[in-house]
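Down below is the structure, laid out as structure tokens.
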Ligand code: PEP
């Protein structure tokens, strides 16, 4: 059985006061969350504060990116070892906003996947097609290319140490959620692609859905057999909305 994971991607949001209040509210609602693992991924600067607030609780935390470098003259970068030092469990890798605004290629994302693992972090590896790609009926081709880049770099065993997040770019922050059927089709495609390398990895790996998931649509998405939780953007910034999704993941 794959334990559901609900991870909040806070993106470029927050303040010390806001983070304090949000974490306190999420913590206070965790009694109702029995089954799902819950993670929050704040901006780098809020990670020490998040650690202090969450240590000893059931909630884990992670980063939104990681450097491929371990140390040295790389201004502005944050190494996996630094994140691990501050108790991060997860690192989001290859989010579509990094792929599009920062030009991250499949090869760089695969390198980041490996760097995260080396530091003891679990990559939450994002894949997904743009609207244009979906309209051109090349969704599977795009997803296959993104997944294969990690397998080519480190083999299927490396991929199996991470979590995959299927995030159709057209659904991120738009309110246009994929239907449960659309999402399930792509999740099943990903799992079947991994089966070609290892049935055990395909069976064990968690594949999250991300893209305008809310408490109102989370249950029907997560009821699908290959959807093992969610990567949540906008709805992760309000405790009530985020907890609603975490509770939906219980069923
Ligand atoms: C995301 O950016 O990872 C995401 C899923 O955003 P939203 O939930 O706001 O669509």
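The values are calculated or read from the model by the stated rules, or taken from the named source; none is laboratory data. Owing to the predicted nature of the structure, the values given are computational and were not obtained by experimental measurement. Neighbour counts are summed over all protein chains in view; Cβ atoms, including those assigned to glycine, are modelled from backbone coordinates with ideal geometry.
Points worth noting:
- Residues located in region 61-76, provided they are closer than 23 Å to residue 127 by Cβ and free of Cβ contacts under 8 Å to residues at least 60 places away in the same chain: 61, 63, 64, 65, 66, 67, 68
- Residue that is surrounded by the fewest Cβ atoms within 10 Å (Cβ to Cβ) [pool: residues in region 212-251 that are near the ligand (Cβ under 10 Å from one of its atoms) and in a loop (DSSP other than H, G, I, E, B)]: 214
- Every residue from region 37-60 that is under 24 Å from residue 248 (Cα atoms) and free of Cβ contacts under 8 Å to residues at least 12 places away in the same chain: 56
- Single residue of 68, 40 found to be more than 17 Å from the chain's Cα centre (by Cα) and surrounded by 14 or more Cβ atoms within 10 Å (Cβ to Cβ): 68
- Of the set (1) within 16 Å of the ligand (Cβ to nearest atom); (2) modelled with pLDDT of 95 or more; (3) in contact with a helix residue (DSSP H, G or I) (Cβ under 7 Å, 6 or more places away or on another chain), all apply to residue 173 but (2).
- Residues that are in a helix (DSSP H, G or I), in contact (Cβ under 8 Å) with a residue 40 or more places away in the chain and within 12 Å of the ligand (Cβ to nearest atom) were ranked within region 84-128; the one that is farthest from the chain's Cα centre (by Cα) is 100.
- Boolean, residue 202 is without any contact (Cβ under 8 Å) to a residue 24 or more places away in the chain, touching a helix residue (DSSP H, G or I) at 6+ places or on another chain (Cβ under 7 Å) and more than 15 Å from the ligand (Cβ to nearest atom): yes
- For beta carbons closer than 9 Å, sequence separation of 6+ or different chains, a first residue in region 5-18 that is over 30 Å from residue 204 (Cα atoms) and a second that is within 13 Å of the ligand (Cβ to nearest atom), the qualifying pairs are 12/64; 13/237; 14/237; 18/237.
- Of note, residue 147 satisfies the criterion of being modelled with pLDDT of 95 or more, crowded, with 18+ Cβ neighbours inside 10 Å, in a helix (DSSP H, G or I) and under 15 Å from the mean Cα position of the chain (by Cα).
- Residues (exposed (fewer than 15 other Cβ atoms within 10 Å of the Cβ) and either under 27 Å from residue 78 (Cβ atoms) or in contact with a helix residue (DSSP H, G or I) (Cβ under 6 Å, 6 or more places away or on another chain) (or both)) located in region 1-24: 12, 15, 16, 17, 18, 21, 24
- Of all residues in region 85-123, exactly one satisfies the criterion of being surrounded by 19 or more Cβ atoms within 10 Å (Cβ to Cβ) and on the phi > 0 side of the Ramachandran plot, namely 94.
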